[in-house]
Amino acid sequence: MFDKKETYFYGTLLELAREQLISWDKHQRGKLGMWGRARASSRNGAIDKFVQKLIDHKVARGIADPVANIVEDLEFIQRDSSVWDDISDDQLNFLRKLLIGE
């Protein structure tokens, strides 16, 4: 379903989301140090960058509403456990909220 670039973008984006969720969990437990706080901030920038790359790629492919298409892709990833079996619902929900502002 995805071309090579999309697979790379989604894989990287989902890994960044996983790392960010782990960071937030550590922060809530008071276990996130100075380096972790700094890294969390830069990770937000990287997440934004990859979302924009994905949007740009979708637009270049002629997708009229790239954000809606990405949300549909996230739903596909959630259902396709044979390939994306190590992706948690928390990661997908994190990205959905980022995209649609819930």
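The values are calculated or read from the model by the stated rules, or taken from the named source; none is laboratory data. Not measured: the values here are computed from a predicted model. When we count neighbours, we look across all protein chains shown, and the Cβ atoms used for this are built from the backbone with ideal geometry, even at glycine.
Of all the residues that make up region 1-43, how many are touching a residue at least 60 places away in the same chain (Cβ under 8 Å) and exposed (fewer than 13 other Cβ atoms within 10 Å of the Cβ)?
Result for region 1-43: 1.
Might you check whether a residue that is within 11 Å of the chain's Cα centre (by Cα), without any contact (Cβ under 8 Å) to a residue 60 or more places away in the chain and either closer than 14 Å to Tyr10 by Cα or surrounded by fewer than 17 Cβ atoms within 10 Å (Cβ to Cβ) (or both) occurs anywhere in region 53-63?
yes
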Please work out if Leu14 is modelled with pLDDT of 95 or more, under 15 Å from the mean Cα position of the chain (by Cα) and in a helix (DSSP H, G or I). yes
Which condition does Gly62 not pass, out of (1) under 20 Å from Arg96 (Cα atoms); (2) out of contact with any helix residue (DSSP H, G or I) (no Cβ under 8 Å at 6 or more places or on another chain); (3) at pLDDT 95 or above; (4) among the small types (Gly, Ala, Ser), if it passes all the others? (1)
